Every structure is written in C-alpha cells, then in structure tokens.
Amino acid sequence: MRRRIAVGIEYQGGAYSGWQIQSAAPSLQGALETALSRIANEPIGLICAGRTDAGVHARAQVAHFDTQAVRASRAWLLGANNYLPADISLLWVRAVPDHFNARYSALTRTYRYLILNRSARSALAAGRALLVHQGLDVAAMQQGANWLIGEHDFSAFRSSECQSHSAVRQLRAVRVRRSGDWVSIDVSANAFLHHMVRNIAGLLLAIGMGREPPERARIQLESRSRGQGEATAAALGLYLWQVEYPPEFGLPELGLAADSAMIAAAVGRGE
C-alpha cells in the first residue's frame, strides 16, 4: 500500500543549479531524492510547492512523495538529514491524504527578498543577502509596491525564459519593512512567473535608491514589456519564505512576521 508523505525543507541554494534535477549540475531535488530513497529502500520522486532557481534559498519549501515504505516520521526526518549535506535540512514530516499535492494544494506562496543596507559588508551574511551601500527609502519602495497589488498582467516582470502560457497573476500583498540595517521585501501571490519576484525587487531597489519615482511601478506594469524594466535582483537575496495550505492538511506553519527568523536565516543567528 502506497502512502503519501509531505515534508518541510530548508536550504541554502548557493551551491545548487536550482530545485529541479539537471544532468550535469547539482540540484536540491536530486540531493533530497537520493537521501529519502536510502531511507525508503526504494526510488523516491518529489513534487515541490515551488521550483526555486539557481542560488535561491528556502526557509519553508514543501514537497510530497509516495512510498510503500513504512517509517516513523522521526525515522524519515533523522535518517534523511543524516544523508543530506549541511546546507539542506528536513524540518518536519507528515503523512497526508492522497489528494494532497504540494504544488496544486497550495493557497498562497510568499517569497522574501533580503537586503543588508549598510556600508560594511557582512562576513556572516555573504551569499545570503544582497548588500546595498546606499540608503534605501523604504516608504517610497512601499508606495511603488502598492501599484502592483491585485490581479494584473505581469509580462513586464517575467523573464524571457518564462514558459507560462499566461502572465496574469494575483499579487495578494507586497510588504517592505526595515529592521535596523535589514530591509525585507515580502511578496505573496497565488503563483509566480519566472524571475517575477527578483524583477519586482530590482524595481523597488531602484525606487528606494531614488533612481525612479514610486509611480514607475505603475508605468512598468502597464507597459507589459520586460524591456522597460530595471535590472533583475541577484538570486542570493531571495528566499521561499512561506507556503500556505488549507488547514485540513494539518501542516506546520511558519509565520511571516518574524524579524529574528529573517536575520537568523541570513546570518545564522538571531539578534
């Protein structure tokens, strides 16, 4: 009898080509499937909530797999983590009903773009946050972000490699916040286009540095042309931060408003 298992995953993406398995480069999916297959003693295939790109991190990735193996949740968790590299970790394991799907059952996905806004670089946050020397106007960034909330055609924020048939997405919230030297951009939506969050972050950074006015967000959105956009923000500042599911599945939740967790994710400790 096959069972469906859901797992929560945390990872640093700097050493990987992205989530999806590739023939000539290390992937997060490949590392996780190899570890779980050793515990199950059979091949394991994972379906995830969101396929992160090369260099992108995750605080709360969710995936599921089907297996005939009967193992306690603790055995899955400790066993897989024993075989995973230090930059990937299972956080939790839950048995779920057969109709659960990590991708299609998700209600909302939230990505966080993390910025260290100070003159000095950080030895601890290297590779895990974008360093911006110039002071950022967070209020102006939020004004620009407000133009993007709602259901729109986000063609101006998709990459040329995006394969989605439609560029229409429902952006449910964009929050720009400062905590000391740290600035975070949280973007929540039903689904995202390729590079959509990094392109939004690039625009908001231009606004925050005073290169563009907040209304530039409306102009870019209405242009529906990626050629009108600012530079794509670097992958190293991006985290898959939260995935929400219907409560019927009983999956653990990690709250959005967690500045100490935001900082810990970037530098490996809390303030």
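The values are calculated or read from the model by the stated rules, or taken from the named source; none is laboratory data. As the structure is a computational prediction, the values presented were derived from the model and not from experiment. Virtual Cβ from ideal backbone geometry, glycine too; neighbours counted across all protein chains shown.
Name the pairs whose Cβ atoms lie under 6 Å apart, with the first residue in region 210-227 and outside the structural domain of residue 150 (by TED's automatic domain parsing), the second of a type in the set (D, E, K, R) and surrounded by 14 or more Cβ atoms within 10 Å (Cβ to Cβ), and 6 or more positions between them or separate chains?
Hits for this filter: zero, empty list.
Taking region 93-121, which residues are over 15 Å from residue 49 (Cα atoms), exposed (fewer than 15 other Cβ atoms within 10 Å of the Cβ) and either basic (Lys, Arg) or in contact (Cβ under 8 Å) with a residue 40 or more places away in the chain (or both)?
Selection gives 95, 97, 98, 118, 121.
Need pairs with beta-carbon distance below 7 Å; first residue without any contact (Cβ under 8 Å) to a residue 60 or more places away in the chain and within region 5-29, second crowded, with 22+ Cβ neighbours inside 10 Å and part of a strand (DSSP E or B); sequence gap 6+ or separate chains.
Between residues of region 5-29 that are without any contact (Cβ under 8 Å) to a residue 60 or more places away in the chain and residues that are crowded, with 22+ Cβ neighbours inside 10 Å and part of a strand (DSSP E or B), the close pairs are 19/48.
I'm checking my understanding of the structure. Among residues of region 169-197 that are among the aliphatic types (A, V, I, L, M), part of a strand (DSSP E or B) and in contact (Cβ under 8 Å) with a residue 24 or more places away in the chain, which one is surrounded by the fewest Cβ atoms within 10 Å (Cβ to Cβ)?
Of the residues in region 169-197, the ones among the aliphatic types (A, V, I, L, M) are 171, 173-174, 176, 183, 185, 187, 189, 191, 193, 196-197.
The next check asks that each one be part of a strand (DSSP E or B); those that pass are 171, 173-174, 176, 183, 185, 187, 189.
Next, only the ones that are in contact (Cβ under 8 Å) with a residue 24 or more places away in the chain stay: 173-174, 176, 183, 185, 187, 189.
Working: 173: 13, 174: 22, 176: 26, 183: 24, 185: 26, 187: 27, 189: 22.
Looking at the filtered set, the residue picked out is 173.
Just to be sure, is residue 126 among the small types (Gly, Ala, Ser) and surrounded by 14 or more Cβ atoms within 10 Å (Cβ to Cβ)? Working first, answer last.
Details: among the small types (Gly, Ala, Ser): yes; surrounded by 14 or more Cβ atoms within 10 Å (Cβ to Cβ): yes.
So residue 126 passes the test.
When you go through 90, 77, 36 one by one, which is the residue that is farther than 23 Å from residue 198 by Cβ, touching a Leu at 6+ places or on another chain (Cβ under 9 Å) and surrounded by fewer than 20 Cβ atoms within 10 Å (Cβ to Cβ)?
Working: 90 fails: surrounded by fewer than 20 Cβ atoms within 10 Å (Cβ to Cβ); 36 fails: surrounded by fewer than 20 Cβ atoms within 10 Å (Cβ to Cβ).
So the residue among 90, 77, 36 that is farther than 23 Å from residue 198 by Cβ, touching a Leu at 6+ places or on another chain (Cβ under 9 Å) and surrounded by fewer than 20 Cβ atoms within 10 Å (Cβ to Cβ) is 77.
Can you find, within region 156-168, the residue that is nearest to residue 241 (Cα to Cα) among those that are in contact (Cβ under 8 Å) with a residue 60 or more places away in the chain and surrounded by fewer than 17 Cβ atoms within 10 Å (Cβ to Cβ)?
Quick first cut of region 156-168, residues in contact (Cβ under 8 Å) with a residue 60 or more places away in the chain only: 156-160.
Filter once more, so that each one left must be surrounded by fewer than 17 Cβ atoms within 10 Å (Cβ to Cβ): 159-160.
Working: 159: 21, 160: 25 Å.
The extreme case among them is 159.
If you take just the strands (runs of 3 or more DSSP E) that sit entirely in region 29-142, which of them hold at least 2 residues that are of a type outside the set (A, V, I, L, M) and either on the phi > 0 side of the Ramachandran plot or modelled with pLDDT of 95 or more (or both)? Even if it seems obvious, please write down each step before you answer.
Values: elements: 57-67, 88-96, 108-117, 130-132.
In region 29-142, the matching strands (runs of 3 or more DSSP E) lie at 57-67, 88-96, 108-117.
So, residue 242, is that one modelled with pLDDT of 90 or more and not in a helix (DSSP H, G or I) or not? If you could, list the steps in order and put the result at the bottom.
Working: modelled with pLDDT of 90 or more: yes; not in a helix (DSSP H, G or I): yes.
Yes: the conditions hold for residue 242.
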